[in-house]
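Everything below concerns the one structure shown next.
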Amino acid sequence: GVYYGRYLPYLICDYIPAMHKYKLQPDRQISNAQWWKCVNSLLVSQIFVQLPMMMFFLPAAKMAGFDCGAPFPSWVRVAFQVCVFFVIEDFYHYWAHRMFHYGFLYKRIHKVHHEHTAPFGIAAEYAHPIETAVLGQGTIAGPLLFNYFIEQVHITTMLVWIAARLWQTVEAHCGYDFPWSASHWLPFWAGASHHDYHHMAFVDNFASTFRWWDSIFGTDRRYQDYEARRTAKAKAE
């Protein structure tokens, strides 16, 4: 519900001409055939790949020592842990995603996700099943590591984390750069413009949530040049 609910505002914007000025690639349109192919593929993936993973997680969480009872954690603890999970997932995603851009891993697996050179919200999870399973490990790695090495994680925190991660990944693939987007007031937040370039150019910007890994390892230099030109053109218009 979170995944499709997060996509709904962007879907509505697609039918409001006044909002199209915020599209990152306004000259590229998604056909009905592409949209339905994406939706059908998502449903298959979510039922036959993601659902079994989720069903396995609850008993695995209990075995790993997650807190599944009352009382519930405070919102401060939940927020702190979710922020840590974002950092861990982003680091994992950067390197796993970068790995998928090499040789046969790209040609046989990751190229599926890159069918959409101008991404739209729900295309976030449009991917080969192997990629879904591998990148999905980053989502559960943070809570597992935190629970083992730092302090116990409540299952409620895990649910909030999954919802936040879905919220973020749909936003990264939305194809819109609004003035109120988080990347404009959180300088380290990657946002849609960061990831949209990755789909458009097929290179660089491998991180999922934050900008720092691409900046540190120099995999955003071409994006920085492109973004400077894009924003200058937008201001001139």
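The values are calculated or read from the model by the stated rules, or taken from the named source; none is laboratory data. Note that the structure is a prediction, hence the values are computed from the model and not measured. Cβ placement follows ideal geometry from the backbone for every residue including glycine, while neighbour counts extend to all protein chains displayed. Heavy atoms of the whole protein, side chains included, go into the accessibility calculation; ligands, DNA and RNA do not. Shrake-Rupley method; radii C 1.70, N 1.55, O 1.52, S 1.80 Å.
Before moving on, here are some points about what is shown:
- Among the conditions (1) open to solvent by 40 Å² or more (accessible area, probe 1.4 Å); (2) within 22 Å of THR132 (Cβ to Cβ); (3) not small (Gly, Ala, Ser), TYR3 misses just one, which is (1).
Yes/no matrix, rows are residues, columns are (1) at pLDDT 95 or above; (2) assigned to a helix (DSSP H, G or I); (3) in contact with a helix residue (DSSP H, G or I) (Cβ under 7 Å, 6 or more places away or on another chain); (4) within 25 Å of GLY69 (Cβ to Cβ):
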position	(1), (2), (3), (4)
ILE122	no, yes, yes, no
GLY138	no, yes, yes, no
PRO143	no, yes, yes, yes
ASN147	no, yes, yes, yes
GLU151	no, no, no, yes
TRP161	yes, yes, yes, yes
VAL170	yes, yes, yes, no
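- Only one of ILE30, ILE88 that is at pLDDT 90 or above and closer than 25 Å to SER208 by Cα: ILE88
- Residue list for segment 36-75, filter: part of a helix (DSSP H, G or I) and more than 25 Å from GLY5 (Cα to Cα): PRO59, ALA60, ALA61, LYS62, MET63, ALA64
- Of all residue pairs spaced 6 or more apart or on separate chains, those with beta-carbon atoms under 8 Å, a first member in segment 83-108 that is farther than 13 Å from ALA164 by Cβ and a second member that is of a type in the set (Ser, Thr, Tyr) are HIS93/SER208; HIS93/THR209; TYR94/SER208; HIS97/SER208; ARG98/THR219; PHE100/TYR106.
- Within segment 124-135, the set of residues being open to solvent by less than 30 Å² (accessible area, probe 1.4 Å) and assigned to a loop (DSSP other than H, G, I, E, B) comprises TYR126, ALA127.
- Some residue of segment 77-90 being over 18 Å from the mean Cα position of the chain (by Cα) and of a type in the set (A, V, I, L, M): yes
- Number of the condition not met by ASP204 [criteria: (1) touching a Lys or Arg at 6+ places or on another chain (Cβ under 7 Å); (2) assigned to a loop (DSSP other than H, G, I, E, B); (3) surrounded by fewer than 18 Cβ atoms within 10 Å (Cβ to Cβ)]: (3)
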